[in-house]
Each structure stands twice: as structure tokens, then as C-alpha cells.
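Structure first, commentary second.
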Amino acid sequence: MGPGESGELALPFAWDRPESGLEAGTERWLNVGFTLAADCSWAEQGHEVAWAQLALPAVAPAEASRHQAARSAENASLRRDLSVQERGHALILASDRLHLEASSLEPGITPLRMNGKELIRRGPRLNFWRAPIDNDMYVLADWRKAHLDRLTERVDDFRWERLGADTVRLAWSSRIAPPVYDWGFRCETSYTVTADGLIIMDVAGSPIGTPPSMLPKIGLQLQLPGDCERVAWYGRGPGESYSDSKEAGRIGVYRSTVDGLFTPYVYPQENGNRTDVRWVSMADSSGLGLLASGSPVLEFSARRYTDQDLEQAQHMTELKQRDYITLNLDYRQNGLGSNSCGPAQAPEHAVKPEPFRFRMLLQPYMAEDQAPERLSRQMAWEAARYPLKEENDDA
């Protein structure tokens, strides 16, 4: 087509009919790029000037859904047993490949090991803080006055139950609040754990008292071993993105390292976030790692520094790498806004202190056994057996 012309392009599949071989849960995207037809003074032939990405229907055959459901049921019948041992405040869950410990004193699974390899050193823990960005300075005084950076969690109740020989559900009722102050969050956290290592994390919270009018984020934070540095994700990339700054990122599968995710701003601050993420994997050089997925999406960042490290440093040279990786799996993170010199975040990109409820999935995996793309779909099918509780359900 020439300049100013339009035309029709026939795509090589049916829009509304099931496709043979397509798995349930598959997504399809149409990428359109506009490139230079010839060299010019500022770029060479083939340079992409503009692009667009469109979500297309991906209709799996009905038998694919039935087959996947049947396969999930078959896997359930073949599962290994999950043993439970109570030892003081600790609850130890173990199978022939999995070992994790939970505590009645705080939500989380510390540590988690697969085939003897540690994959989670600490967490997951609810987290509402980020290292302040330049645009946060207009609200930072309010956050500090409310001690939003000093929240602690008190467990009021811990319980567990068997859902089968291979499945255990852990549940905590807790209050997260700053010392002395009367505001905070009432939280309900449950982990449904299978002997194969699938962990279904359901988290709900409601504000109490008078919290700040805006929060930095709502999410989970984990510590992983320092060698789990190989990152892959299906979401926006390849660069960092935030809810109000993401249109330059295409949906796709990307690979990097933890160090490669980091954005070295002159003044250290929150950085390296990725949005609209369906799944993210963190693995060592052997391919053994941890896969996390959203329901349906999450935001993530991973770095060798804590939020406090970034917050306290005034120059990049002051940052010292930890021997572990901090992984953030966020339900929502505040947008960037432009309040250093312009307006604050638009209302739809501001995280408000409102009731929240979300689900995330974790699964230890070995790359040589199964690709993350397929495993994430199987995780979703398996998790569907344990529906997320609604507001009016029992805690």
C-alpha cells in the first residue's frame, strides 16, 4: 500500500472458531510495525518508526478444555503425599520433593526447598512500601508521618486443615499497622499447598482507622537465594513500566538477569518494575527455580537491594549488593505521575486505602521438565479447583 492508502489483510486463522492444537488459556497478539523502506540521514532501512499491538481471539476447542480438566484430575490421583509435622510455633510440610516451614507467628513459608535446593529464603510478606521516587516527594511527608514505612504484622489467629492426602491449607488472620498509631489493615491470608509444590496464595485486607489517602503499593515481597538470577516473564517489556507509563512496552515473553532489570537512576529510588505480567520465573544456572503467576496479572520487580537500601543511598556508588534477591510481586503499585514538575497520578493510577483481595500462584519448577509458558496454564487450571473466597464467605 502507498501513502494514504488502506486495504484489508486476511489473517491465517478463523476469528470465532476453535483451533485444533490450541491449549485452553492461550493468548494471541497481532503485532504491526512500520519500518523505513530505505536508509535516511537519521536511521537505516528497516528501522521501526511506529508499532501497534492488538489482542486477538484465541478459541481453544471444547475438547481441549475437557482434556486439560481431565489431565488435572488425573494428576491429582497420582500425586504424592504431603506430610505435616507441628513443632512449637512451626508447621513443617514435606513430600519427596518439597520441604517448607510455616509459622503461627507470621504469614509466609520460610524456607521453601525443592529437591534440597532453597528457593525462598523469607516471605512472602504483605508489603505496602516502595523506595520513594522523585515524584513521591509531595506525599512523602504524609507517608512518614503515618509511619507507612514502619508497618509491622501481628497474627491474631493461625489455623490449618487438610484438603486431602496431598493438599494442606494454611490460614492467618492478622493486623498490619505502624507502632502506636490506630490505623492499619485487617488481613486474611491463606496458602493452599500441594505436595507437588503449587502454592495458591489468597490475600484480602480492609483498612481500619484513618490511613493515608494514598499508598505506595499493595503486594507481596520475598527473599530468594542470590543465584536465582535468571529471569523470564510474559508481560510488558523489555524495559521498566508502571500503570501510567507502559504503552511503550509490548506484551511478550522476555528474558533478562536480575542485574539487567535494574534502572540506575542518578538518585537511587524505586525502579525496574514490569506490568501486565501473566507469569515470571526466577531460576539458577541449572534451570531450577520459582514460577509466579497472577490471577490474571501482576506487577513484579527483582533486585539485589532492599527498599531501605535504595531509600538510604544518595548515590549509586553507595549501594552494596546483598547476597539475596528481593522479589516484589505486586497486586497494584502506585503510578508515577509527574509531580516533580507537573500533576500527581491520575485517580485511576493511584493506590487508595480500600478493601483489596487478590490471588497469586507460586510453583517450584525445573526448566528441563516443563516450560514456564505451559506450566503457568496448568497452575491456573489446578488453582481453579480452589476458588477464591468472596466477601460473604467464611474467613
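Values in this text are rule-based calculations from the coordinates and carry no lab data. The structure presented is a predicted model; accordingly, all values stated were derived computationally and were not measured. Here the Cβ positions follow ideal geometry from the backbone for every residue, glycine too, while neighbour counts run over all protein chains shown.
Worth a mention:
- Exposed-loop-free span, longest in the chain, where GluC sites (Glu not before Pro) count as exposed if DSSP calls them loop and at most 10 other C-beta atoms lie within 10 Å: 45-246
- Dipole magnitude (debye, nearest 20) for the chain, charges at Cβ of Lys, Arg, Asp, Glu: 800
- Value of [θ]222 nm, deg cm²/dmol, for the chain, DSSP H segments ≥ 4, -39500 (n - 2.57) each, nearest 500: -3500 deg cm²/dmol
- Fewest-first ranking of LEU30, LEU222, LEU36, LEU9, using other Cβ atoms within 10 Å as the exposure measure: LEU9, LEU30, LEU36, LEU222
- Across the chain, the relative contact order, built from alpha-carbon pairs under 8 Å that are at least six residues apart, equals 14 percent.
- Cα-based shape type of the stretch 239-281, given that a ≥ b ≥ c are square roots of the gyration tensor eigenvalues and the cut on a/c is 1.5: oblate
- Summarising the label geometry, the points placed 7 Å from Cα in the beta-carbon direction at SER285 and GLU118 lie 1.9 nm from one another.
- Magnitude of the charge dipole for the stretch 214-351, about its Cα centre and with charges confined to Cβ atoms of Lys, Arg (+1) and Asp, Glu (-1), is about 320 debye.
- Each of TRP129, TRP29, TRP233 has some number of other Cβ atoms within 10 Å of its Cβ, and from fewest to most they run TRP29, TRP129, TRP233.
- Förster radius 30 Å - calculated FRET efficiency between GLU368 and ASP81 (Cβ-Cβ, nearest 0.05): 0.75
- Extension gain, ALA37 to ASP96: 0.36 nm times the residue separation minus the Cα-Cα distance gives 15.3 nm.
- With 20 Å bins from 0: P(r) over the chain, alpha-carbon pairs, percent: 24, 56, 19, 1
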